[in-house]
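First up is the structure itself, then whatever we jot down about it.
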Amino acid sequence: MKKNRLIAAGIMILLIWSSSAQAEDEWRAHEWGTFTTFHAPEGDMEYWYPIGKNEPGELPEFVGMNVFTKGGMMVNARMETPVIYFYTDRLRSVDVKATYVDGNITERYPWKSGVGSVGQWENLLVYPPGELGEDEITPPVGEAGVGEHYYHAREVPEAAMVLRASGREPQAERFIFYRGAGPMKTDLRPVLREGGELMLSNHRDDEPATHLWAVMVDGDTVRWGKLPAVPARDENDKAGVIEVNLSQLDEAVSENAVPSMRESFESALISEGLTRKEAEAMVKTWSDSWFVEPGTRVFRVMPRKVVDAMLPLEITPKPDVINRVFVHRMELLSPEARDVILAALEDVELDHGKVREVAELEFGRFRNAALSSAALYRNQQFANETQRRQQLLQMAGTDLESDLAEATAK
């Protein structure tokens, strides 16, 4: 009964608003999200299956999932947790359409069935904060620890409430949530050499790569730093390049470093158009994964034109302001870690000691990506060696034929 009254009240308010002249008021939309890729030491993006945390099983049970969840898709990019907030002074009926070009939107809330690249919501009711009674209708936090990172996005009290009243049960949230998986291209190439020598090359010719960070977590210690901008490609078609030795970045106990890391990221996100609360919610959502999870990674705030091309967003009526701030996380496989995997792959008897060394590298959900990357590298090396061997044999055969012909002539 309570839900029915809320729906009836919403429809009544909407009819009243629709039939009367309205003064110009606030209408904005802010979105944040992430793309995650995995890179071989040479910088190539790898195709991979994710394993472990922050995959579909980690979302609250009320979040709708398509038949093909991104946990079972082998692609080179994971689109993780885009969140759209609305800011309005009055009730609005809103349509939203997000299209992941060549990719798949796999989970969303409010839930609406569908499979493919388009996430679409029609006739959403967007209420100013405090008018809907969000404590009564917002899905409650479930079992402790399950989908915990999802709930941090709610910590933006000034954002409007979104109600999808159609269907058997009304669905309400402080934002629109969706995510997916698909292909991705990047103009920023990360090359990681032995000893932590990192080279970033920017192949865009229209703007430098800015807001960059390198983070290297080993056990309970972390090395990190905000990196200088990478210049754009010059008039001679030469990519802009910066180089940094990760081993020379400031080292600290992870627990002590996280606050300053959060502050650095939040400041950059605010400068790109997020509110402070939005920036804090985004960084809090991914804090453990970004700053505590073992591994080496580079972060970058993506150019807006890249986001719009990969993930076109349509909102009707069109807001006066649409801010979209996405972070690209590039997880890097070091040459040293790859050598450990290669040693285990070369051991036909799978020595337990070598397998244990691989396990101790703590790849987490990137384990499949790391193993696949090393195996691909080994196969490519074998193919190159086979090709060189064939070339040598061909050369030797040609020379032998010439020698025999010359000897016969004599």
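For this structure, a couple of remarks:
- For the stretch 108-122, residues that are in a loop (DSSP other than H, G, I, E, B) and crowded, with 20+ Cβ neighbours inside 10 Å total 1.
Let's see how each residue does on (1) of a type in the set (D, E, K, R); (2) outside any helix (DSSP H, G or I); (3) modelled with pLDDT of 90 or more:
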| site | (1), (2), (3) |
| --- | --- |
| ALA98 | no, yes, yes |
| VAL101 | no, yes, yes |
| THR106 | no, yes, no |
| LEU124 | no, yes, yes |
| ASP135 | yes, no, no |
| PRO139 | no, yes, no |
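- From MET216, MET261, residue being part of a helix (DSSP H, G or I) and either among the polar types (S, T, N, Q) or at negative phi (or both): MET261
- Single match in LYS318, LYS284, LYS305 (criterion: open to solvent by 60 Å² or more (accessible area, probe 1.4 Å), under 16 Å from the mean Cα position of the chain (by Cα), farther than 21 Å from HIS39 by Cα and of a type in the set (Lys, Arg)): LYS284
- Those residues of the stretch 244-281 which are among the charged types (D, E, K, R) and over 22 Å from the mean Cα position of the chain (by Cα), in sequence order: ASP250, GLU251, GLU255
- The number of residues in the stretch 321-336 that are within 14 Å of the chain's Cα centre (by Cα) and of a type in the set (Val, Ile, Thr) comes to 2.
- Cross-chain or 6+ apart pairs with Cβ under 7 Å, the stretch 141-156 first and under 19 Å from GLY130 (Cα atoms) and assigned to a helix (DSSP H, G or I), then open to solvent by 30 Å² or more (accessible area, probe 1.4 Å) and at pLDDT below 70: TYR151/VAL141
- Residues of the stretch 291-308 that are assigned to a strand (DSSP E or B) and β-branched (Val, Ile, Thr): THR296, VAL298, VAL301.
- Of all residues in the stretch 262-277 being of a type in the set (D, E, K, R) and closer than 19 Å to TYR85 by Cα, the one that is least open to solvent (accessible area, probe 1.4 Å): GLU266
Residue by residue, here is whether (1) among the β-branched types (Val, Ile, Thr); (2) within 30 Å of PRO335 (Cα to Cα); (3) touching a Gly at 6+ places or on another chain (Cβ under 6 Å) holds:
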residue: ASP234; (1), (2), (3): no, yes, no
residue: SER271; (1), (2), (3): no, no, no
residue: PHE299; (1), (2), (3): no, yes, no
residue: ILE315; (1), (2), (3): yes, no, no
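- Looking across the stretch 287-307, the residues that are out of contact with any strand residue (DSSP E or B) (no Cβ under 7 Å at 6 or more places or on another chain) and more than 19 Å from ALA153 (Cα to Cα) come down to PRO303, LYS305, VAL306.
The values are calculated or read from the model by the stated rules, or taken from the named source; none is laboratory data. All values reported here derive from a predicted model rather than from experimental measurement. No Cβ is skipped: glycine too gets one built from the backbone with ideal geometry, and neighbour counts run over all protein chains shown. Accessible surface is based on the protein model in full, side chains and every heavy atom, while ligands, DNA and RNA are left aside. Shrake-Rupley method; radii C 1.70, N 1.55, O 1.52, S 1.80 Å.
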